[in-house]
Amino acid sequence: MSINGKVTTTDAVIRTENLTRVYHLEGEDIRAVNSVSLAIYPRQMTAIVGRSGSGKTTLLNLIAGLDEPTEGEVWIMNQSLRTMDERARLALRRERLSFIFQSFGLLPLLTAAENVGVPLRMRGVPSAEREARVREALEWVGLARRARHRPYELSGGEQQRVAIARALAAQPQIVLADEPTGQLDSQTGRRILELLRRLVTERGITLVVVSHDPMVMAEADVVHELRDGKLVETRYKLA
């Protein structure tokens, strides 16, 4: 809920208040994100939608602390990103967040299992626990038999399932997904959406999806629509 543009709820896992990002291009100021205030609640699938150039990916990068706002503020788990140095932000992303990308983001020389294990290695998870979590995550997405295959040996849908397994194995509280169905056909995209929904319903993960895919909009619990960098509408799925 917001009053006069200020988010008032303390239940949200992510909050933005008057968030603005201005880029200076060829002597012109471009407001990629323009005074956006919103709240994202736990254990829901939230979609941020809009046409290409609407500012949705910029907003996701601001939420993740990968970009600095020109104005406004972001809170994650009631922690203000503005007050955190880069080391603290990196720790927050490593411990609390996982990412799923349109281009899958897999390392081409590593097997599926090795790719899933990368964030666990970065966190120093012991070998036995790491192997167990990788195995469980690949089984969960239905790719246990493909664990030793490299990305070029997998279909696009399988690569995205590996990316979901990688996010799951890290045991995050929040998953940020940027156009996760963007490179997939509609049937494969539907299967990926079903897996993403299961992250929420079975694992209690808060999922934020940036997309222009109508299937994502239909599946999400909450849809925030951006237009020219501004939040123009918020829609809630009817029970």
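If the requirement is being aliphatic (A, V, I, L, M), farther than 19 Å from H224 by Cβ, in contact (Cβ under 8 Å) with a residue 24 or more places away in the chain and surrounded by 13 or more Cβ atoms within 10 Å (Cβ to Cβ), which of these qualifies: L97, L62, L92? Only one candidate qualifies: L92.
With the condition kept exactly as written, say whether any residue in region 172-183 is under 24 Å from R130 (Cβ atoms) and of a type in the set (D, E). The answer is no, given that none of the residues of region 172-183 is under 24 Å from R130 (Cβ atoms) and of a type in the set (D, E).
Which residue, of L106, L90, L66, is hydrophobic (A, V, I, L, M, F, W, C) and not in a loop (DSSP other than H, G, I, E, B)?
Details: L106 fails: not in a loop (DSSP other than H, G, I, E, B); L66 fails: not in a loop (DSSP other than H, G, I, E, B).
That would be L90, the only listed residue that is hydrophobic (A, V, I, L, M, F, W, C) and not in a loop (DSSP other than H, G, I, E, B).
So which residues in region 192-216 are under 15 Å from the mean Cα position of the chain (by Cα), over 14 Å from L59 (Cα atoms) and among the hydrophobic types (A, V, I, L, M, F, W, C)? Once the filter is applied, which keeps residues that are under 15 Å from the mean Cα position of the chain (by Cα), over 14 Å from L59 (Cα atoms) and among the hydrophobic types (A, V, I, L, M, F, W, C), region 192-216 yields I192, L193, L195, L196, L199, V200, I205, L207, V216. In this structure, V74 does not satisfy being β-branched (V, I, T), part of a helix (DSSP H, G or I), modelled with pLDDT of 95 or more and within 25 Å of R43 (Cα to Cα). Residues that are over 22 Å from the mean Cα position of the chain (by Cα), in a loop (DSSP other than H, G, I, E, B) and either surrounded by fewer than 20 Cβ atoms within 10 Å (Cβ to Cβ) or not basic (K, R) (or both) occur in region 113-124; there is at least one.
In summary, D178 fulfils each of the numbered conditions (1) touching a strand residue (DSSP E or B) at 6+ places or on another chain (Cβ under 6 Å); (2) of a type outside the set (A, V, I, L, M, F, W, C); (3) on the phi > 0 side of the Ramachandran plot with the single exception of condition (3).
Taken over region 57-73, the criterion of being under 18 Å from E17 (Cβ atoms) and under 15 Å from the mean Cα position of the chain (by Cα) is satisfied by T58, L59, L60, N61, L62, I63, A64, G65, D67. Residues that are in contact (Cβ under 8 Å) with a residue 40 or more places away in the chain and out of contact with any helix residue (DSSP H, G or I) (no Cβ under 8 Å at 6 or more places or on another chain) within region 138-162 comprise just one, Y152.
Only one of these is part of a strand (DSSP E or B), over 26 Å from G204 (Cβ atoms), under 19 Å from the mean Cα position of the chain (by Cα) and at pLDDT 95 or above: V33, V22. Name it.
Checking each option against the conditions leaves just V33.
The values are calculated or read from the model by the stated rules, or taken from the named source; none is laboratory data. Remember, it's a predicted structure, so these values are computed and weren't measured experimentally. Quick reminder, even Gly has a Cβ in these numbers, built from the backbone with ideal geometry, and neighbours come from all protein chains shown.
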